[in-house]
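*Asks:* Below you'll find the structure I mean.
The values are calculated or read from the model by the stated rules, or taken from the named source; none is laboratory data. The model shown is predicted, which means the values in this text are computed figures rather than measured ones. Quick reminder, even Gly has a Cβ in these numbers, built from the backbone with ideal geometry, and neighbours come from all protein chains shown.
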Amino acid sequence: MIVQTINLTKRYGKLVALNNLHLNIEEGECFGYIGPNGAGKTTTIRILATLLQPTWGEARVCGHVVGYESRKIRPLIGYVPDFFGAYEDMVVQEYLEFFAAAYDITGKKRAQIVGDVLELTDLTYKRDALVDSLSRGMKQRLSIARVLLHDPRLLLLDEPASGLDPRARIEIRELLKELHRMGKTILISSHILPELADLCTSIGILEQGELVFQGSVREAVRRARLGTTVHVTTPDDPERARQVLAALPNVVDVQLNDGALLVSLSQETTDFSFIAAALLAGKLRIHEIKQEEVNLETAFMRLTKGIVQ
Ligand SMILES: Nc1ncnc2c1ncn2[C@@H]1O[C@H](COP(=O)(O)OP(=O)(O)OP(=O)(O)O)[C@@H](O)[C@H]1O
Ligand SMILES: [Mg+2]
């Protein structure tokens, strides 16, 4: 287990930011840490990055306890905070050399490693540009480049895609996929679930300092699905189709929406071939019949509203 927290609790005065958190992340995972503003994501990440002490409970990174063995943890992690400081009059290459020196990487090795991370983050062409002149997306890639210099095992990324345009988001996502393929364990926070869906191997949903869900993306969707919805279109009279379908057992509700029928099935029903049979028996032709995709955003809202146990 590369990250393990046991009853992790953090208070700021009276405010309980994290409440008895049990978080487990295995080596090689890409873990999406999702929660609305103020949920406690940054607090958790800063504790794992050894920058903040728990009030109660324990956080372990690669088996080392935060607060007691922080010096052993620091070389193993790469932390990208949710803000980027100002670095006036420093060009990209100098910036990376500066941080490499801080990690005791010297001489030829330093030049080699700086060249490698520039290449990996697609910033080689910007090596002589002033850091402050970079776009937000480039700065974010540079922040990631900086934490790769010492080849850490665990990357802690606090909302790396926030404030980026769609293209820059995709670039960051591709970079993170590449790092994951290279064997890095990644913890990435976001308040948007869909953004992480195709990147992450598992997710945790945090709300007011408590984990309301931990598991795979698929499991989150499955848990949030309160029953299947089937989308049906017919070239014949949709109102008559609606009446035929509404009379069937296992059908909870039928809505007519823009000429299409949205058929909600009871929770235990997964096979919907009976819908086609009933329509054909009623001499109604079928244009299209398909299961509605469960939108990840909907899944997230349902999971965080406590509708799903
Ligand atoms: N230094 C601090 N002093 C007092 N309260 C704090 C401090 N840092 C965070 N908090 C509070 O702790 C709670 C959790 O904050 P945190 O920044 O961890 O949430 P977050 O999930 O990262 O939110 P966001 O999505 O806005 O970044 C919030 O209510 C916040 O106001
Ligand atoms: Mg935060």
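*Asks:* For the stretch 134-170, which positions are assigned to a loop (DSSP other than H, G, I, E, B) and within 25 Å of Glu27 (Cα to Cα)?
*Replies:* Residues satisfying the conditions are Leu149, His150, Asp151, Pro152, Arg153, Asp158, Glu159, Pro160, Ala161.
*Asks:* Any chance the stretch 255-271 includes a residue that's aliphatic (A, V, I, L, M), under 30 Å from His191 (Cβ atoms) and modelled with pLDDT of 85 or more?
*Replies:* yes
*Asks:* Here's a follow-up. So if I check each of Thr233, Thr270, Thr201, which one is of a type outside the set (A, V, I, L, M), touching an Asp or Glu at 6+ places or on another chain (Cβ under 9 Å) and not assigned by TED's automatic domain parsing to the domain that holds Glu159?
*Replies:* On inspection, the qualifying residue turns out to be Thr233.
*Asks:* For the stretch 22-94, give me every one of the strands (runs of 3 or more DSSP E) that falls completely inside it and has 3 or more residues that are not hydrophobic (A, V, I, L, M, F, W, C).
*Replies:* Result: 56-61.
*Asks:* Still on this structure, please answer the following. Report the residue count in the stretch 196-206 for those that are within 16 Å of ligand 1 (Cβ to nearest atom) and either under 8 Å from the mean Cα position of the chain (by Cα) or aromatic (Phe, Trp, Tyr) (or both).
*Replies:* Of the residues in that region, 2 qualify.
*Asks:* Which one is nearest to ligand 1 (Cβ to nearest atom), of the residues in the stretch 8-56 that are over 27 Å from Leu179 (Cβ atoms) and among the hydroxyl-bearing types (Ser, Thr, Tyr)?
*Replies:* Step by step, filter the stretch 8-56, then rank; the result is Tyr12.
*Asks:* Looking only at the stretch 95-121, how many residues end up being part of a loop (DSSP other than H, G, I, E, B) and surrounded by 18 or more Cβ atoms within 10 Å (Cβ to Cβ)?
*Replies:* Selection size over the stretch 95-121: 2.
*Asks:* Right, something else. Could you tell me whether the stretch 48-62 includes any residue that is within 16 Å of ligand 2 (Cβ to nearest atom), out of contact with any Lys or Arg (no Cβ under 8 Å at 6 or more places or on another chain) and either closer than 14 Å to Gln4 by Cβ or among the basic types (Lys, Arg) (or both)?
*Replies:* Yes, the stretch 48-62 has at least one match.
*Asks:* Which one of these does Leu21 not meet: (1) within 16 Å of ligand 2 (Cβ to nearest atom); (2) surrounded by fewer than 21 Cβ atoms within 10 Å (Cβ to Cβ)?
*Replies:* (2) is the only condition that Leu21 fails.
*Asks:* Also, quick follow-up: Can you say whether Tyr12 is modelled with pLDDT under 95 and in the same structural domain as Leu211 (by TED's automatic domain parsing), as far as the supplied structure shows?
*Replies:* no
*Asks:* If you don't mind, another one. Evaluate the stretch 217-225: report whether one residue or more is part of a strand (DSSP E or B), over 18 Å from Ala278 (Cβ atoms) and touching a Leu at 6+ places or on another chain (Cβ under 9 Å).
*Replies:* Looking through the stretch 217-225, none of the residues is part of a strand (DSSP E or B), over 18 Å from Ala278 (Cβ atoms) and touching a Leu at 6+ places or on another chain (Cβ under 9 Å).
*Asks:* Collect the residues in the stretch 171-195 that are more than 14 Å from ligand 1 (Cβ to nearest atom) and modelled with pLDDT under 90, keeping them in residue-number order.
*Replies:* Within the stretch 171-195, Pro194 is the sole residue that qualifies.
*Asks:* Out of the residues in the stretch 137-150 meeting the condition of being touching a residue at least 40 places away in the same chain (Cβ under 8 Å) and charged (D, E, K, R), tell me which one is nearest to Glu174 (Cα to Cα).
*Replies:* Per the criteria, the residue is Lys139.
*Asks:* Now for a separate question. Filter the stretch 261-276 for residues that are out of contact with any helix residue (DSSP H, G or I) (no Cβ under 8 Å at 6 or more places or on another chain) and surrounded by 12 or more Cβ atoms within 10 Å (Cβ to Cβ) and give the result.
*Replies:* Passing the criteria: Leu262, Ser264, Leu265, Ser266, Gln267, Thr269, Phe272, Phe274, Ala276.
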